[in-house]
Every structure is written in structure tokens, then in C-alpha cells.
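Below is one structure, written out as C-alpha cells; the observations come after it.
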Amino acid sequence: MDNQQIRSFIAIELSEEVKMGLRQLQAELKVAGHAFVKWVAPEGIHLTLKFLGNISPGRVAEITTVMEEAGKGFSSFMLGISKIGAFPNMRQPRVLWVGIDGEVDKLVVLQQRIDAALVPLGFTQETRPFSPHLTLARLREGSSLQDRRDFGELVVRTQFNVNYEVGVERLNLMRSQLLPGGAVYNCLADVKLNG
């Protein structure tokens, strides 16, 4: 039994400017002091393309190769950060996110390529449609309907008019370690798009 499993995912890293913008947005929403909201640390926010789960360290090289293949013929492209939304909706939010706009069609093709190329390696293909977003916060399991409604109303009232751009030039294979203080992320592999 290999106990050196790595919890990993493929993602696009965000610039410092974007992370600062997300931090600012969180700060505005944190003022209300809702104890039932668990905020994602801005330095840990990524645009996840594929969650791989636990892999053995020996698989990093083959996954990196798949990423390189998927990125072939892809030139860099621009995404933007758009509106705030929530799953399942703003009346009863469980997950708060910001949406992605810009050249989303290219992003979707890239994600589908990665997803399909990983199937021969034994990874399950996604059945749900890919919905690119950045998670800002999750509401704790015990939060009441009223708590969630209040939070949703706060979010709707908050002015969110930043327009950050995300230049996509590379793909990252990330490691996620769940520690008592929260998740810590390290980059295992970094692949440049070579269109």
C-alpha cells in the first residue's frame, strides 16, 4: 500500500493582482462578521480544470505529459473575472464564487482535452458540464436557512465592479495538503501552452 499519496489537481494559477482583488472583495463581505462562512484563503484560489484525487508520486510524469499534449497548438488566451454567483443560488447559497468570462470557449476546449486525455490513465471523465469559477467561500453545514438568506442578500447588495484579467499561458499540476490551518498548495509541474 503506497501511503505517499498526493492529493492533486490541474489548475490555472492566478496573478497576484487578481488574488489581491479577491482578497479585497472578501474583506468587504467579511465586515458583516458571519461566523457560518468559511473563507478560502486568496493565495489558495485557483481556476481548477480537473481534480485528480489521490495519485502516487510516480504518476506525476505521465500526467505532466498529458498536460503538455493537451496544451499543444494552444496559444495563450485571456480570461476575465465577472460577476459573483452562488451554488445553488443566491437565496440559499452554499458556495460563493466569482465567474469567469473572456475567451471561455478556449478554456472549455482545453479542459475537455485534458479530461479526455486522462481517461486512458484511469481517471474518470467528468459527466457534469464544466463551469469555470473561483470559489471565494463555503457556508458551513450547520448554517440555517435564514443565515444563508442573510448572506445571499449581503452579497447581492455588495458593489463588485472590479474587472481583472487572467492571462492563461501555462497549466499547473498542483498538490493540495489539508493541514489543521487549512489547505496548503504546491506546484508539482508547470507546463507552458505552446501554440
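The values are calculated or read from the model by the stated rules, or taken from the named source; none is laboratory data. This one's a predicted model, so the numbers in the text were calculated from it and none came from an experiment. Cβ sites come from the backbone with ideal geometry, for glycine too, and all protein chains shown count toward neighbours.
Considering segment 88-107, the residues that are touching a Lys or Arg at 6+ places or on another chain (Cβ under 6 Å) and outside any loop (DSSP other than H, G, I, E, B) include one that is nearest to VAL155 (Cα to Cα), namely VAL95.
From the set of residues in segment 1-19 that are out of contact with any Pro (no Cβ under 8 Å at 6 or more places or on another chain), not β-branched (Val, Ile, Thr) and not in a loop (DSSP other than H, G, I, E, B), which is surrounded by the fewest Cβ atoms within 10 Å (Cβ to Cβ)? The qualifying residue surrounded by the fewest Cβ atoms within 10 Å (Cβ to Cβ) is GLU16.
Residue by residue, here is whether (1) within 22 Å of ILE100 (Cα to Cα); (2) hydrophobic (A, V, I, L, M, F, W, C) holds:
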{"residue": "LEU136", "(1), (2)": "yes, yes"}
{"residue": "ASP150", "(1), (2)": "no, no"}
{"residue": "VAL155", "(1), (2)": "yes, yes"}
{"residue": "GLN159", "(1), (2)": "yes, no"}
{"residue": "VAL166", "(1), (2)": "yes, yes"}
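Checking each residue in segment 118-143 for being in contact (Cβ under 8 Å) with a residue 12 or more places away in the chain, closer than 21 Å to MET90 by Cα and not aromatic (Phe, Trp, Tyr) picks out PRO132, HIS133, LEU134, THR135, LEU136, ALA137, ARG138, LEU139, ARG140, GLY142, SER143. Residue check: is LEU22 modelled with pLDDT under 95, under 30 Å from ASN194 (Cβ atoms) and not in a helix (DSSP H, G or I)? Considered against the rule, which asks whether it is modelled with pLDDT under 95, under 30 Å from ASN194 (Cβ atoms) and not in a helix (DSSP H, G or I), LEU22 comes out as no.
Within segment 151-184, the set of residues being of a type in the set (Gly, Ala, Ser) and within 26 Å of ALA35 (Cα to Cα) comprises GLY152, SER176, GLY181, GLY182, ALA183.
Taking each residue of segment 105-117 that is among the polar types (S, T, N, Q) and looking for partners that are outside any helix (DSSP H, G or I) with beta-carbon atoms closer than 6 Å, six or more apart or interchain, yields GLN111/LEU49; GLN111/PHE130. ALA86 meets the conditions (1) in contact with a Pro (Cβ under 6 Å, 6 or more places away or on another chain); (2) exposed (fewer than 13 other Cβ atoms within 10 Å of the Cβ); (3) not aromatic (Phe, Trp, Tyr) in every case but one. The failed one is (2). Being touching an Asp or Glu at 6+ places or on another chain (Cβ under 9 Å) and either assigned to a helix (DSSP H, G or I) or exposed (fewer than 14 other Cβ atoms within 10 Å of the Cβ) (or both) is a property that MET78 has.
Do we find a residue being touching a residue at least 60 places away in the same chain (Cβ under 8 Å), within 15 Å of the chain's Cα centre (by Cα) and not in a loop (DSSP other than H, G, I, E, B) anywhere in segment 27-38? For segment 27-38, residues touching a residue at least 60 places away in the same chain (Cβ under 8 Å), within 15 Å of the chain's Cα centre (by Cα) and not in a loop (DSSP other than H, G, I, E, B): absent.
Among the residues of segment 149-183 satisfying the criterion of being in a loop (DSSP other than H, G, I, E, B), at pLDDT below 90 and not hydrophobic (A, V, I, L, M, F, W, C), which is nearest to LEU47 (Cα to Cα)? Among them, the one singled out is TYR164.
Of all residues in segment 54-74, one or more are in contact (Cβ under 8 Å) with a residue 60 or more places away in the chain, within 28 Å of LEU193 (Cα to Cα) and part of a strand (DSSP E or B).
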